[in-house]
Structure formats: C-alpha cells, structure tokens
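The structure under discussion appears below in the form of structure tokens.
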Amino acid sequence: MSTRENSYTEAEALNLLAQLERILDLDPLIDEVGFIHPSQFATLKEEIVYKAAKHAFISALRQYKTPGNFSGKSQDDTLAIEVMIHSKALLLLSCDFATAWNSRKLIVSNKRLLPILMDELHLSALVLSYSPKSEQAWSHRRWVINMIARNCSTLQWIIERESELVEKIAEVLDELKKSRNWSGLHVADNSCFHYRRRLMLRNLEGFCYTQDNNSSGYFVETYQIWKEELDWNESLIKQYVGREALWLHRRFLSMYLIKHMATHLLAVSCQSKPKASVDIDIDSLMDHELCLVHSCSTTIADANFEDFQAQAIHSAAYMLWLTKQIPEYQGIDIQEKLRAGVGDVTRMLKRSCPDRSSLWDYLVGYHSEP
Amino acid sequence: MEYLATNDPYVLWNSLYERYGHLRSVILPNARSEWKPSSYKTLSVAVAIIVAINIVVAMAVAIIKVVDIIKIIIIYLVQQPASPPVSHAHSHSLLLRSPSYSHGLSTSHSLSLTAVSPTSPSFLKNSTSASPNRRWLRLLLRRFPTSVKLRPSLKFWLKWLKKVIKFSFAVVKPLPLTSLLLHLEMGELAADKHVKYIISVEKKKDSFESVVMEHLRLNGAYWGLTTLDILGKLDAVDEEDVISWILKCQDESGGFAGNIGHDPHVLYTLSAVQVLALFDKVDILDADKVSNYIVGLQNEDGSFSGDIWGEVDTRFSYIAICCLSILQRLDKINVDKAVEYIVSCKNLDGGFGCTPGGESHAGQIFCCVGALAIAGALHHVDKDLLGWWLCERQVKSGGLNGRPEKLPDVCYSWWVLSSLIMIDRVHWINKDKLVKFILDCQDMENGGISDRPDDAVDVFHTYFGVAGLSLLEYPGLKPIDPAYALPVDVVNRIFFSKK
C-alpha cells in the first residue's frame, strides 16, 4: 500500500513538473498499477491499469465518505490525499470520469484555499492538453473558477467595483482590438465572430446607457466602430473568398447598423446639429451593400473554384437577408432597387443551390407581399 | 493548450502563425487533391453499368423468346396438318441461336412488322415469301372469316396493336437499367449488420474502449436499444437483464448514474427513463422520487443544473422537461420560468445557445426547440429565421453540419432534421442527398455507422444515422418522434393508453 502511494506521489511529482506542451514519459511502476502515459496506448495493459486505478479510487472514496472516520483531522486529511491521488491517476486515463471530478470538487469544497484551487486548474489544463474536447474537464474548470470568484474574490472584486461604465466599455474596445488580429487569421472560425458580435452588442448596450448625456459625440464614436467593423469585414470577404462565417457576421452588422443606428440617428439629428461630419446616409449604405453583392455574384461563371461559387451564393443569400430584414424601411427607391436585384439573385441561387429552392421561393414570396 | 500556459503573446502569435501557414500551404491543397472520388468507386460504377446492360439485354431476349413460344403454340394449334414442318424447324432454330443474334433478328422482326402496313394486301396474301414469324398471324387470321379479315376495324386494331407493342418494348427496355442504377446510387441500409454490431458492442465489456466509456454506459444503452427498436429487433436483447442493471444504476437521490457506483446526473436519468419506456416498464419506477430529483435541480431563473455541482445548460432544460413529461409529472416544475430561460438563450440568427448569449449550435437548438415543443411553447420560435439557419447546415455532399464552416456529421442529421420537422420547414433541405450521405457513412462489412464516410463506427452515430433515416421515412424503419427521440408507438403508449 505504501509503495503504491510512493509510486503515485512520484508520478504526481513528475507530472507536476512536466510542461504543458511536452508530456514526459513515465516509467511503468509496479506491474499491476503502472502509470502509463495516455499517448502510449500501444501497450496492452491499459485495461488492467485502468481497473486498478478505478478500484483504488473507489475504495479510497468510500473510505472518505463513510462518516465514521472522524477520529482526527490527520486521518481525514490522509484519506483526502489518497482520493486526490487516485482520482488524478484515474482522470489521466479516462478524462470524462465524472465521478472522479466530483470527488475532487467535494474535497476541494471542504477546504477552500486558493493554492488547492489553482492545483485543480493545473490538472484540468493538463487533461485538456491531450483531450481538449473533454466536456467534464471544462465543466470542472468552470466550477473551480466560480469557486475562486466566490471565495477568493478580493482582486477581481476590486477591479469590477472600481471600473465605471466608460471603463467597462473601454475594456470591450480593447478586447475588440486584441481579438481582431486573431479573427483575421481564423476566418473560418464562427465562434470567434460570435464573440466579436457579443462584444459589439455590449458596446451598443453601453452606448444606450449613456444616451442621455453627451450623446452625439459618443454616438459618433460608436457608429465609427461599427462602420470600421463593416469595412474590415468587407476587406476580409474580398480577401478570403467564400467564407460563410464572414458573410453571417456581415448580416448581423448591417442589420444592427441600419435598424438601431438609423433610429438613433433620426433622434439625434432632430435634437441638435451633428457635430462631426459623418456621412450617415442609410441610402448610401444600402447602395454600397448592393454593389458589394453584385461584385461578388458576378464571379459565378468560374465554376472550377468552389470558393467563388460559395462567395456568390453567400452574397446572394445576404442580399435576400437584407430584403427580408428591412421591409419597413421608408426609402422607396432603395426598396425598388432591392426588388430589382431580387429577381436575378433568386434565379442565380436556384441554379447554383437547387437543394434550397423551396427556401428561396418562400423568401421571395415573403418579400413581395405588400 | 499552450494558451493556458504561455503568457507571452508573441510566442503564441508565432506558433499560431506557423500553424496557419502550414495548414494553408500544405494541408489545404492536399485535402483538395484528395477530394476527387476514388477510382475504385468509378470502376465499380462502370462494372455495374456493363452488368446492367447485359441484364437488360437478357431480359429483352427473354421477353422475345416468350413471345416466340406463344407464336409457336398458336401455329401448332391453328395450322393445318398439311403445312410443311419446315416452319416449325425454322422457329425452333430461331430459339437456339445466340441471344445477340436472335435479339438482332427479333428487332428486325419487330421493325418488319411495323414497316409493313396491314392495309397492304401483300401482308396477307404473300404466304410463301413471308417469314415464319408472320405466319402465326396469318394462320390466326385465317380462322376468322375473310370479310372480318379485311374489316377496317380489324386493320385499325392491328395497327394500334403494333404501336402498343413497339411502345411497350421501347419503354421496358430502359426501365430495368435506370432502376438498377438508382439502386446502386442510393445504396441500401444494412439493417442486419447494424443489429449485429450493436449486440456485439453491448456484450464487449472488456476492451479498453468500452472500459474507458463505462461511465456513460446508460447513454450507450439508450442509443443501442432505440436503434434496435427502430429496426424492429428489440427482442434481440434480454429485457430482464437490462432492466435489472438500470435499476442498480439508480442513486438514493432518485437520479440515475451512467453505470453502477457512479454519481447521478440528469443525462443518465433521461436515458434510464427512455429505455424503460421502450420496454413499457416506466411504471416500475417510483416516478415521484425521480421527478423530485429533477425538480430539485431547477434554479431560480428557470434554468436547470445537470447535477448537484451546478452546471447550467439548455440541454438540461430539455432533459428535465422531456423526462418529466414521460413520467407525467411536468406540473411539478415551473414550466413558464423554464420556457422563459430557454427563450432568453435565443440568438439574433434565430438559433439557441447553451446559455444566454451562447453561440447557436445545432445540438442546443434541438434541445431548446424540443423542450419548447413538449412544453407547448413553440410560438416563441421564429420559424422562418431558424429554418433558414438550419437549412444552411446542409453542405454540398448532402450531409449536415452543426455550425457554419464545420464539417458534416451524421449526428447532426438527427439534431438539425428533427428541429426542422418540429418547426415544419423540412422541405427546405434536399432529403434525398441527406439519405445518400447517411447511407454512405455505413460500414457495410461490420455494421455500424460513423460520423463521416470512411471513419470508425460507434453506437452513438449508428443511432443518429438510423433515427435520421427514420425521420426521412426510409422504408422498413419504425417512425420516431422528433421531440421525445423515441419511437412513435412508444410515445403513444405512454400518453394514450395509460392513465
């Protein structure tokens, strides 16, 4: 028993020293309870190891949980340590073993000390390094961070309490800037654009709160940010041909810009003279979008490259989206332009994407309703 | 996860940039060049076409031979004893020729039949030079009085008969070929192989893969057994065995764990209730105990936690509502609050995330739409918008992905499809292509379905593939309810035959 414990602590120590990006080879220790590294699955003793680890863990946990063993704090501690050691071994073999994660939560919640919680973060990071999709590991991490926030919350509390609304928005802007470069390199990652959308929305919310005082200056700034995002998105669309995530991001941007900015615009321009010389003409915006769509959809002829075809399809779908999202817009000439474009667009969509022909029909039918 | 360890952003940036460069310049062109269909497939299709043509030819020849036999019978019955036997032998020799020759002959025969107009007197009068194939007609017609022979109505009838023969021949010829090709195109569902695969997985408890997955064995039981029920082979397992094992997985709190001795969680509780429903044994449960476990997990904002450790996700909302609905205890939770929370997770694109503001994902959408459907609150869903997002999940190969820019996966053919069916927009996708995609993901030799064609199979994807095919009304499969994810007869049994 003691030798097994020694071997585990040895392994544990080795593990803790291992860097996150390179996991060291561990010597298989005792024949029945070796500690085989997960990437060495070529050896055939995994089942035995796993079963032994599981057995050790469950017996330790049962001992820990039985309420009779309260003969002294040291006894309790040693049991806890055993459970931690065995669960760690087990989790490195089977990262989704929820019961093991739960036992660690149980022990940790009894002693809420920051170093122990940091250990948990460390272990979950180790597990995630070789199996990044392990749902239980992520869930455990979230729980640990919640615990940290709840109990050892001095630092974060200070930060949160001290920041004012403007600072909060500034943080959002910072984050937008920081993540922009990363997003530019990962244009096929829809999640990163979703994150940007959330940041933009937070920004908008912030703007709404400060609407009463000093609105027009602030409004211009917010509008600038959105316009910048639109332009950046357009440059990405032209650079990376046929990326769906970019077009979906654009749908969101233009929809919000036109819907929310337009209404605020009217309110602001009625109250006071606009200080900055910002061209906030919605008509020109729509014109610009139509031009973009046209330029993208004319490349459909190049059937060899899926990218260009996809680009055309996405731009056409984007146009249909615009027509559907802004039906109540007052600008009559815009509506006419849109309606004129819709016919060609639907024809092209039906030809290149016949699977969804009933969707195109439905959308066009919807649009043509007065 | 170097992001978690390295603090220096410059290092991170460099490694990211390298990785991206490698992907773009090396892996992407490689993947593109490998994307052509394998030569094996084209070869097999070519062979199949040749075989098909041969079959068609044989069929045509068979038809003609049958017709010849009939003619001979007529000659035999109708002809006078004085007629020379040479005609007999001639017809016989006709039959003995090789298929291609007789085929050629019979085409010329049919051509000659149509070329000669019945109105010309030579057709009937020219007895010596006429081919024996026409003799049967003459002999038959001889039976009738001469006046009848020359009646316009009869000639008219003959003309139309020839037209009908020609037309039907023309129609019949290509038909077997096209049906054969279609059959090859669509492939077939290897139902027996899948049944064998599932049973083998259930029995194999000692391999490393099954040992490592043992904490979710109850989910695996649900996937395997529901698939068997859809394929109509639920009796292949020992019901008593399964049920006694499930009951051992129940924890004292009322919830079920993934396996014996593990911690309880709503995920496994739902699977347990569903499996018991398959066997029509939900009443052996203490429904109040199980429902109390779930009720205790509802939070103040209406959301549900997965277990006592508090993780919140809309999946758990679906599980709670579905499970309590099967146990007929839905009134025990605050349904309005639960619906309110789910609606708060709705995004601008019409989809739903795991928590408010979470990215839209097909799995989460299924859970939210299913929960709203069961709770009778589907009016909260913008069906057009969501239908648009969902139908954009179909990619060129016909499969469905879970989010924009992702690869197709068979499991999404359930989650996206059932969501579309629940909001009544399933006609916006191409169902045939999806069927073909699912059938391509089968392992025809060992059984089972994988996430993508030519990947390794598992029970999870086998279930979702078969369930997806059932929703697409593939023949031979039991219909499945899109919200409860159980066969329709099981759901009906719960709600319409019990009190």
Could you please find all residues in segment B:366-409 being buried (at least 24 other Cβ atoms within 10 Å of the Cβ) and closer than 18 Å to B:Leu486 by Cα? B:Phe366, B:Cys367, B:Cys368, B:Val369, B:Gly370, B:Ala371, B:Leu372
Suppose we filter A:Val127, A:Val108 for residues that are touching a residue at least 24 places away in the same chain (Cβ under 8 Å) and crowded, with 22+ Cβ neighbours inside 10 Å; which single one remains? A:Val127
Failed condition for A:Ser139, given (1) at pLDDT 75 or above; (2) more than 30 Å from A:Glu205 (Cα to Cα): (2)
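Considering every residue within segment B:245-262, establish whether at least one is assigned to a helix (DSSP H, G or I), touching a residue at least 60 places away in the same chain (Cβ under 8 Å) and not acidic (Asp, Glu).
Taking segment B:245-262 first, the residues assigned to a helix (DSSP H, G or I) are B:245-248.
Keeping just the survivors that are touching a residue at least 60 places away in the same chain (Cβ under 8 Å) gives none.
No; the residues of segment B:245-262 include none that is assigned to a helix (DSSP H, G or I), touching a residue at least 60 places away in the same chain (Cβ under 8 Å) and not acidic (Asp, Glu).
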Looking only at residues that are over 14 Å from B:Pro487 (Cβ atoms) and β-branched (Val, Ile, Thr) in segment B:217-261, which one is surrounded by the fewest Cβ atoms within 10 Å (Cβ to Cβ)? B:Ile260
Report, ordered by the first and then the second residue, all pairs with beta carbons closer than 6 Å, sequence separation of six or more or different chains, a first member in segment B:388-405 that is facing chain A (nearest Cβ under 8 Å), and a second member that is outside any helix (DSSP H, G or I) and among the small types (Gly, Ala, Ser). B:Glu405/A:Ala188
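Out of all the residues in segment B:309-350, which are within 11 Å of chain A (Cβ to nearest Cβ), crowded, with 17+ Cβ neighbours inside 10 Å and either without any contact (Cβ under 8 Å) to a residue 24 or more places away in the chain or over 26 Å from A:Asn146 (Cβ atoms) (or both)?
Keep residues of segment B:309-350 that are within 11 Å of chain A (Cβ to nearest Cβ), which gives B:309-313, B:315, B:347-349.
From what is left, the residues that are crowded, with 17+ Cβ neighbours inside 10 Å are B:309, B:311-313, B:315, B:347, B:349.
Hits for segment B:309-350 are B:Trp309, B:Glu311, B:Asn347, B:Asp349.
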For segment B:1-31, give me each residue that is over 24 Å from A:Glu306 (Cα atoms) and either more than 10 Å from chain A (Cβ to nearest Cβ) or not in a helix (DSSP H, G or I) (or both). B:Met1, B:Thr6, B:Asn7, B:Asp8, B:Tyr10, B:Val11, B:Asn14, B:Glu18
Counting only residues that are within 27 Å of the chain's Cα centre (by Cα) and either among the hydroxyl-bearing types (Ser, Thr, Tyr) or under 16 Å from B:Val312 (Cβ atoms) (or both), how many does segment B:353-362 have? 2
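The values are calculated or read from the model by the stated rules, or taken from the named source; none is laboratory data. Keep in mind that what you see is a predicted model, and the values were worked out from it rather than measured. For neighbour counting, all protein chains shown are included, and Cβ atoms are generated from backbone atoms with ideal geometry for every residue, glycine included.
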